[in-house]
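Peer 1: The structure is given below, and queries will be raised subsequently.
Coordinate-derived values only; no laboratory data. Keep in mind that this is a model prediction, so the values were computed, not measured. Virtual Cβ from ideal backbone geometry, glycine too; neighbours counted across all protein chains shown.
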Amino acid sequence: MAHTMTKRGNIDNIVAYEHFCDTKADMADIDPKEITLGSVCVILQDETKNDTLQFMLAKSDKTWIYA
């Protein structure tokens, strides 16, 4: 388990990245250095689910889960 505080008041404590990808396959191009706990990836079209606009959140081990 992991925990991180990304913001306290108006001050950022750590960097949490926001990524936008055309498809889920494009997430493979995200540099692991730009994945921290709580980072967000917006997938504009998930070709495997035939849906649009999927949201993913990064876990502490740099893997993604659906939000």
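Peer 1: Binned at 5 Å from 0, what are the whole-percent values of the Cα-Cα distance distribution for region 4-64, short to long?
Peer 2: Reading the bins upward from 0: 4, 19, 26, 21, 14, 9, 4, 1.
Peer 1: Quickly rank 35-46, 56-67 as a protection proxy: mean count of other C-beta atoms within 10 Å, highest first.
Peer 2: Listed from highest to lowest mean packing, they are 35-46, 56-67.
Peer 1: Pick out, from Gln45, Phe20, Ala58, the residue whose Cα sits farthest towards the positive end of the charge dipole of the chain, with +1 on the Cβ of Lys and Arg and -1 on the Cβ of Asp and Glu.
Peer 2: Positive-most Cα among the choices belongs to Ala58.
Peer 1: Nothing charged except the Cβ atoms of Lys and Arg (+1) and of Asp and Glu (-1): what's the magnitude of the dipole of the chain about its Cα centre? Round to the nearest 20 debye.
Peer 2: Charge dipole of the chain: 400 debye, to the nearest 20.
Peer 1: Before anything else, pin down the relative contact order of the chain: Cα pairs under 8 Å, at least 6 apart, normalised by residue count, whole percent.
Peer 2: 27 percent
Peer 1: Can you pull the one-decimal nm distance between simple spin-label points at Thr23 and Thr63, each 7 Å off the Cα toward Cβ?
Peer 2: Going by the 7 Å Cα→Cβ label model, 2.4 nm.
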